[in-house]
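Presented below is the structure to which this report refers.
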Amino acid sequence: MTDVDRLRKIIDESKYLVFFGGAGVSTASNIPDFRSSKGIYNEKYGNIPIEAIISHSFFMEHPEIFYKIYKEKLCFPDAMPNDCHKVLARLEAKGILKAVITQNIDDLHEKAGSKEVYKLHGSVTENHCMRCRKFYSLDYILKSESVPLCSCGGIVKPDVVLYEEPLNDGVVSAAISHIMKADTLIVGGTSLAVYPAAYYIEYFRGKNLIIINMSKTPKDEDADLVINDDIAKVFRELGY
């Protein structure tokens, strides 16, 4: 029995399946990851690391530079769901998958048809004025020449969690609740190096912990099945 066959059997026998995903889930949709050798965080703007630019303090002090990098490096409006996103949506429609918990800020899970999606780090598709809280679309952000401004004159900020900002308590509580209820937890496309998000795996008390990632993770020793492969390829081979 291959690893994919074992995974399919575990999924078919699961009563409460939850998926926890990271940047590797979206790389097959041509969205770059952050921490690999070719990741965004290995790039610089002048002498400033991209990682430093994506912080609350930098956003407040240099919104023009922030938005230049943000629109170039973090927004991919034309990206389409890959096989991982599509299979997860089909599993949810079948009633097998109960929730998707993602560290990604794209909307590819929703584009694929998933409904129960918890975005730990927010979303590029939601943006609000810092003064009056008026909502603005991603299209508005991308079409703004410099810093997007609200009709009231306030700066529009993307609803993504920047460095130095806390995660949303409601999203975190719901995600942890699903993880605690799960009998199977699939962790995919993440090196589990980003905290506090990676810590939430510790709440899992179910039967099957599955890790699918190109490289090793700190939780491999605790997993019931580890598949070191491209997650879109693995999900395509599942055949759902």
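The values are calculated or read from the model by the stated rules, or taken from the named source; none is laboratory data. Since the model is a prediction, treat every value here as computed from it, not as a measurement. Cβ coordinates were reconstructed from backbone atoms using ideal geometry, including for glycine residues, and neighbour counts include every protein chain displayed. The accessibility values were calculated without ligands, DNA or RNA, using every heavy atom of the protein model including side chains. Shrake-Rupley method; radii C 1.70, N 1.55, O 1.52, S 1.80 Å.
Do you know which residues across the range 228-240 are part of a loop (DSSP other than H, G, I, E, B) and over 12 Å from Arg8 (Cα atoms)? Of everything in the range 228-240, those that are part of a loop (DSSP other than H, G, I, E, B) and over 12 Å from Arg8 (Cα atoms) turn out to be Asn228, Asp229, Asp230.
Looking across the range 130-174, the residues that are assigned to a strand (DSSP E or B) and under 24 Å from Ala79 (Cβ atoms) come down to Phe135, Tyr136, Val156, Lys157, Pro158, Asp159, Val160, Tyr163. Taken over the range 112-139, the residue count meeting the criterion of being touching a helix residue (DSSP H, G or I) at 6+ places or on another chain (Cβ under 8 Å) and of a type in the set (A, V, I, L, M, F, W, C) is 4. Asn127 meets the conditions (1) in contact with a Phe, Trp or Tyr (Cβ under 9 Å, 6 or more places away or on another chain); (2) free of Cβ contacts under 8 Å to residues at least 60 places away in the same chain; (3) in a helix (DSSP H, G or I) in every case but one. The failed one is (3).
When each of Asp12, Asp3 is tested for being at pLDDT 95 or above and over 17 Å from Gly188 (Cβ atoms), the lone residue that passes is Asp12. Among the residues of the range 125-161, those that are in contact with an Asp or Glu (Cβ under 8 Å, 6 or more places away or on another chain), open to solvent by 40 Å² or more (accessible area, probe 1.4 Å) and not hydroxyl-bearing (Ser, Thr, Tyr) comprise Glu126, Phe135, Asp159. Would you check if Glu221 is among the acidic types (Asp, Glu), without any contact (Cβ under 8 Å) to a residue 60 or more places away in the chain and closer than 28 Å to Ser55 by Cα? It is false that Glu221 is among the acidic types (Asp, Glu), without any contact (Cβ under 8 Å) to a residue 60 or more places away in the chain and closer than 28 Å to Ser55 by Cα.
Looking only at residues that are part of a loop (DSSP other than H, G, I, E, B) and under 19 Å from the mean Cα position of the chain (by Cα) in the range 205-227, which one is farthest from Lys38 (Cα to Cα)?
Of all residues in the range 205-227, those part of a loop (DSSP other than H, G, I, E, B) come to 205-207, 213-219, 223-224.
In the following step, the residues that additionally are under 19 Å from the mean Cα position of the chain (by Cα) were identified as 213-219.
Values: Asn213: 16, Met214: 14, Ser215: 14, Lys216: 17, Thr217: 18, Pro218: 21, Lys219: 24 Å.
Here the answer is Lys219.
Pairs meeting the criteria (first residue in the range 143-168 and modelled with pLDDT under 95, second residue open to solvent by 30 Å² or more (accessible area, probe 1.4 Å) and among the charged types (D, E, K, R), beta carbons under 6 Å, at least 6 apart or on different chains) are Ser146/Glu64.
Output the residue which, of all residues in the range 107-116 that are in contact with a Ser or Thr (Cβ under 9 Å, 6 or more places away or on another chain) and open to solvent by 30 Å² or more (accessible area, probe 1.4 Å), is farthest from Thr190 (Cα to Cα). It would help to see each step written out before you state the result.
Step one: of the range 107-116, the residues in contact with a Ser or Thr (Cβ under 9 Å, 6 or more places away or on another chain) are 107-110.
Adding the requirement that they be open to solvent by 30 Å² or more (accessible area, probe 1.4 Å) leaves 107, 110.
Values: Asp107: 17, Glu110: 19 Å.
For the range 107-116, the residue satisfying everything is Glu110.
Scanning the range 14-30 for residues that are farther than 20 Å from Arg90 by Cα and either open to solvent by less than 20 Å² (accessible area, probe 1.4 Å) or of a type in the set (Gly, Ala, Ser) (or both) returns a single hit, Ala23. Scanning the range 96-106 for residues that are more than 9 Å from the chain's Cα centre (by Cα) and open to solvent by less than 40 Å² (accessible area, probe 1.4 Å) gives Ile96, Leu97, Ala99, Val100. For the range 1-33, enumerate the residues that are of a type in the set (S, T, N, Q) and either touching a residue at least 40 places away in the same chain (Cβ under 8 Å) or not in a loop (DSSP other than H, G, I, E, B) (or both). Hits for the range 1-33 are Ser14, Ser26, Thr27, Ser29, Asn30.
One residue is enough: does the range 177-199 have a residue meeting the conditions open to solvent by 60 Å² or more (accessible area, probe 1.4 Å) and acidic (Asp, Glu)? No, the conditions are met nowhere in the range 177-199.
Restricting to the range 34-85, and then to whatever is in a helix (DSSP H, G or I) and of a type in the set (Val, Ile, Thr), can you tell me which residue is most open to solvent (accessible area, probe 1.4 Å)? Selected residue: Ile65.
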